Amino acid sequence: MAHDSNDPESIGTEEVLVRVPGNTDLTSGAAPPGGGETESVCDFDFGEATAAVFDDMLDRSIPEYGELQRMIGELAASFAEPGSRIYDLGCSTGITIQTLMGAVPVPVEYVGLDYSLPMIERARERLERLPGADRLTLLQRDLNDGAQVENASVVVLNLTLQFVRPLRRDQLIRDINRGMNPNGCLILVEKVLGNDSLFNRTFIRLYYEMKRRNGYSETEIARKREALENVLIPYRVDENFELLHRNGFTQVDIFFKWYNFCGIIGVKGP
């Protein structure tokens, strides 16, 4: 794939740039579920140990993850324009990019950004032999410093924005909107707060019950909760709507809701 001097490096490069938040709520140094329960809580991290078990953790930690992936693919296919770019900001091991590559029927370029080199390497291994890999770019970037988005018809933030510092979120959404083509869409999936403390407590309790059903122990749940404190900072649904509206997205709606998880789609005006 040809690039000008301002374009990101291709999938085959080994360039190491700056770090960015990844895209789900996993703790540093995480062992496979069910092991290492006597370990102390580590600092939050998306390093090699987390990358090694990341895909399994997604299936067990994110409600309706398979259906959510399908919906992201369908929405992206509805807005993708031939010759444009699709971005996955916080691409982790490349699951969402794989979904997008299988769902989008028109020729586009794919760009994945993540802060963790181990995550990017696993994404490279997952994607490099798939049809369309010659149109794929993977980069390390710090989303707290914004994002260089160009010629985008679709941008995905799948459980990523919640890790960006709140004071930096407006700049990131502005950067996305600025680099997005008219009628392009932002697909945003986040943990969210309820508008009432009663609902917050109820939704969190039911979420932890789901994790127990999926094999997580009380120790693992408590350790992850402690590791994420002051790192994963969710907004209410209406705060996310306001964030998108004030940064150039004229149409905003919910496409997915499961207790304290929400999928939001925003469209840039013509």
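The values are calculated or read from the model by the stated rules, or taken from the named source; none is laboratory data. Only a predicted model underlies this, so the values are computations on that prediction, with no experimental measurement involved. So basically every Cβ, Gly included, is an ideal-geometry build from the backbone, and we count neighbours across all protein chains shown.
Things to note:
- Candidates Leu157, Leu172: the one that is assigned to a strand (DSSP E or B), of a type outside the set (S, T, N, Q) and crowded, with 16+ Cβ neighbours inside 10 Å is Leu157.
- Residue satisfying condition, being hydrophobic (A, V, I, L, M, F, W, C), surrounded by 15 or more Cβ atoms within 10 Å (Cβ to Cβ) and over 14 Å from the mean Cα position of the chain (by Cα), within set Phe203, Phe199, Phe163: Phe203
- From the list Ser116, Ser153, the lone residue that is hydroxyl-bearing (Ser, Thr, Tyr) and either at pLDDT 95 or above or in contact with an Asp or Glu (Cβ under 6 Å, 6 or more places away or on another chain) (or both) is Ser153.
- Among (1) at pLDDT 95 or above; (2) over 18 Å from Cys91 (Cβ atoms); (3) surrounded by fewer than 21 Cβ atoms within 10 Å (Cβ to Cβ) - the single one Ala222 does not satisfy: (1)
- The number of residues in the range 105-161 being at positive phi and out of contact with any helix residue (DSSP H, G or I) (no Cβ under 6 Å at 6 or more places or on another chain) comes to 2.
- Of all residues making up the range 83-117, the number that are over 17 Å from the mean Cα position of the chain (by Cα) and outside any strand (DSSP E or B): 9
- First in the range 73-87 and of a type in the set (Lys, Arg), second anywhere and surrounded by fewer than 19 Cβ atoms within 10 Å (Cβ to Cβ) and assigned to a loop (DSSP other than H, G, I, E, B), Cβ under 8 Å, 6 or more apart: Arg85/Glu150; Arg85/Asn151
- When the range 175-184 is filtered for residues that are part of a strand (DSSP E or B) and surrounded by 23 or more Cβ atoms within 10 Å (Cβ to Cβ), the ones remaining, listed by number, are Met180, Gly184.
- Options Leu127, Leu113: the member that is of a type in the set (A, V, I, L, M, F, W, C), closer than 15 Å to Leu172 by Cα and crowded, with 21+ Cβ neighbours inside 10 Å: Leu113
- Residues in the range 244-270 that are touching a residue at least 60 places away in the same chain (Cβ under 8 Å), over 25 Å from Glu67 (Cβ atoms) and not in a strand (DSSP E or B): Arg246, Asn247, Gly248, Gly269, Pro270.
- Condition check for Leu244: within 19 Å of the chain's Cα centre (by Cα) and not β-branched (Val, Ile, Thr): yes
- Qualifying residue in the range 125-138 (condition: in a helix (DSSP H, G or I), touching a strand residue (DSSP E or B) at 6+ places or on another chain (Cβ under 9 Å), without any contact (Cβ under 8 Å) to a residue 60 or more places away in the chain and not acidic (Asp, Glu)): no
- Search result, residues across the range 53-64 that are without any contact (Cβ under 8 Å) to a residue 60 or more places away in the chain and surrounded by 19 or more Cβ atoms within 10 Å (Cβ to Cβ): Met57, Leu58
- Condition check for Arg236: basic (Lys, Arg), touching a helix residue (DSSP H, G or I) at 6+ places or on another chain (Cβ under 8 Å) and surrounded by 12 or more Cβ atoms within 10 Å (Cβ to Cβ): no
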